[in-house]
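The values are calculated or read from the model by the stated rules, or taken from the named source; none is laboratory data. Values in this document were obtained by computation on a predicted structure and should not be read as measured data. Quick reminder, even Gly has a Cβ in these numbers, built from the backbone with ideal geometry, and neighbours come from all protein chains shown. With ligands, DNA and RNA removed, areas are computed over all heavy atoms of the protein, side chains included. Shrake-Rupley method; radii C 1.70, N 1.55, O 1.52, S 1.80 Å.
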Amino acid sequence: MSELNGFSRLKALRAAAAPYARLTPRRVDLLLGVSVTVAAVSGLVSWGVGTGWARWVTVIHALAGLSLLALAPAKLRGSVRTGLKRRRVTRWLSILLGLVVTATVVLGILHATGLWHGVGYWSALWTHFLLAALLAPLVVWHIVSRPGRPRMTDLDRRTLIGGSAAVAAAAIAYGVQQLVVGDNRRFTGSHEIASFNPAEMPTTMWLNDRSPRVPASGWELTIAGEPVALADLHARAAPMEADLDCTGGWWSRQSWDAVPLAELVPTVDAPTLEVTSLTGYSRLFPARDAANLYLAVGYNGEPLRRGHGAPVRLVAPGRRGFWWVKWVRRIDPIDRPWWLQLPFPLE
Ligand code: HEM
Ligand SMILES: Nc1nc2c(c(=O)[nH]1)N[C@H]1C(S)=C(S)[C@@H](COP(=O)(O)O)O[C@H]1N2
Ligand SMILES: [Mo]
């Protein structure tokens, strides 16, 4: 009797849930659009933020990205099937979009799990980013070219419940993944490598920059226009630990032999410090950060290796690797606000 009771209760539950059981194609599209947008924005922000906040951005990113997987069956059952039947020429572009989304998600998971780190320059995460960049125009075209694109009225209770279910599924997948992968990862999702072992630490170039070949003896470093002797830096350098966290998806903790910029830059009124590499690569920093920016001449008591920025590089704790300018040639107080630069160097 009680079994029957349980059974009819289940039936009642099912009946109550029936309106939500299937999302209409337009509702699915709305959710996909939101997920992909949140993923793109949070991905970029996770690169820009180097402090503890990045953890939440990274979690949101993973949930948005993985919820695409949860929504995929509904998408395939719905507008993909009907769309392909129409055999428009542009279906190939839509198929390409599907493939690129899938590849983006797969690479994201391969990176997060550490199952595949990529090959050389093509780290899993960097490739993930490049595919996402290719994705952006495809997504915009795909949405704009649809007559049946979602409307505001699609954002109803049913959509919200469907969306919550997708995010819940993503959260379970993410939780399981975290348990399996363990925690060699930093809060940015980067994997630890070669800490306190500089000989094994990777050397990373942003886009197509090259290590210059200039002997330390001929090195000229100027700070606010004044020459600074490397010997002077070596004499003043003290060990400090900091994590280099490359947006390519790895991080490494080293004991840097370094001098705080605050001790080297004369007090000036300029709001911004420009740190420029011999290669031309440069970043702007708020001048008030000078106490938390360092010029390093070595690590572990050894001099820097060429690939790591010898003879002198910037160490910028709490900032992602692309801020850690290598082969520092000059540091200049300037009037341009620090945020008037591309969020990521384009050189
Ligand atoms: C809209 C396109 C994107 C989609 C669909 C997407 C999807 C994903 C997915 C599914 C993961 C794996 C999450 C996990 O299993 O933990 C992931 C990881 C990651 N993605 Fe994206 N992503 C996109 C764009 C981007 C962009 C533009 C960036 C950076 C600029 C980025 C940076 C990352 C990072 C740092 C991780 C590692 C997070 C972690 O280890 O938990 N993604 N992405
Ligand atoms: N001049 C110059 N500095 C640079 C780069 C570069 O390409 N050129 N790459 C940056 C990036 S993306 C990272 S992650 C770190 C890498 O430092 P490493 O090569 O010592 O590991 O250096 C940063 N400093
Ligand atoms: Mo990097």
Legend entry - Residue list for the stretch 256-284, restricted to those being aliphatic (A, V, I, L, M) and open to solvent by 10 Å² or more (accessible area, probe 1.4 Å): ALA262, LEU264, VAL265, VAL268, ALA270, LEU278
Legend entry - Residue ID - nearest to ARG91 (Cα to Cα), chosen from residues in the stretch 128-146 that are in contact with a Leu (Cβ under 6 Å, 6 or more places away or on another chain) and modelled with pLDDT of 95 or more: LEU138
Legend entry - In the stretch 287-312, residue nearest to SER252 (Cα to Cα) [restricted to those that are in a helix (DSSP H, G or I) and within 12 Å of ligand 2 (Cβ to nearest atom)]: HIS308
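Conditions (1) in contact with a Gly (Cβ under 8 Å, 6 or more places away or on another chain); (2) of a type in the set (S, T, N, Q); (3) in contact (Cβ under 8 Å) with a residue 12 or more places away in the chain, marked per residue:
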position	(1), (2), (3)
THR159	no, yes, yes
ILE172	no, no, no
THR188	yes, yes, yes
PHE196	no, no, yes
HIS234	yes, no, yes
CYS246	yes, no, yes
ARG253	no, no, yes
Inset, instruction - Give the stretch 29-81 a look and list any residue that's within 16 Å of ligand 3 (Cβ to nearest atom), outside any helix (DSSP H, G or I) and open to solvent by 30 Å² or more (accessible area, probe 1.4 Å), or say none. - result: VAL49
Inset, instruction - May I ask you to verify whether GLY225 is of a type outside the set (A, V, I, L, M) and over 22 Å from the mean Cα position of the chain (by Cα)? - result: yes
Inset, instruction - Could you please let me know if THR104 is more than 14 Å from the chain's Cα centre (by Cα) and part of a helix (DSSP H, G or I)? - result: no
Legend entry - Hey, THR222 of a type in the set (Val, Ile, Thr), under 20 Å from GLY280 (Cα atoms) and either within 16 Å of ligand 1 (Cβ to nearest atom) or in contact (Cβ under 8 Å) with a residue 40 or more places away in the chain (or both) or not: yes
Legend entry - Set ARG149, ARG158: member being surrounded by 15 or more Cβ atoms within 10 Å (Cβ to Cβ) and at pLDDT below 95: ARG158
Legend entry - Members of the stretch 170-207 that are open to solvent by 30 Å² or more (accessible area, probe 1.4 Å) and assigned to a strand (DSSP E or B): ARG185, GLU192
Inset, instruction - Go through the stretch 313-345 and give me each residue that's away from ligand 2 (no atom under 11 Å from the Cβ) and either surrounded by 14 or more Cβ atoms within 10 Å (Cβ to Cβ) or not in a loop (DSSP other than H, G, I, E, B) (or both). - result: PRO317, GLY318, ARG330, ILE331, ASP332, PRO333, ILE334, TRP338, GLN341
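Every residue, every condition in (1) modelled with pLDDT of 95 or more; (2) within 14 Å of ligand 2 (Cβ to nearest atom), yes or no:
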residue: LEU207; (1), (2): no, yes
residue: VAL214; (1), (2): no, yes
residue: SER217; (1), (2): no, no
residue: ALA237; (1), (2): yes, no
Legend entry - Selection status of ARG210, more than 16 Å from ligand 1 (Cβ to nearest atom), assigned to a loop (DSSP other than H, G, I, E, B) and on the phi < 0 side of the Ramachandran plot: yes
Legend entry - Where GLY248 falls short, out of the listed (1) part of a strand (DSSP E or B); (2) touching a Ser or Thr at 6+ places or on another chain (Cβ under 9 Å): (1)
Legend entry - Breaking point among (1) within 17 Å of GLY318 (Cα to Cα); (2) more than 16 Å from ligand 3 (Cβ to nearest atom); (3) outside any strand (DSSP E or B), for SER255: (3)
Inset, instruction - Name every residue in the stretch 110-145 that is without any contact (Cβ under 8 Å) to a residue 40 or more places away in the chain and open to solvent by 50 Å² or more (accessible area, probe 1.4 Å), in order of residue number. - result: LEU115, TRP116, VAL119, GLY120, TYR121, TRP122, LEU130, ALA133, LEU134, PRO137, VAL140, VAL144
Inset, instruction - Could you grab me the full set of residues in the stretch 208-245 that are hydrophobic (A, V, I, L, M, F, W, C) and open to solvent by 20 Å² or more (accessible area, probe 1.4 Å)? - result: VAL214, ALA216, TRP219, ALA224, VAL228, ALA229, LEU230, ALA231, ALA235, ALA237, ALA238, MET240
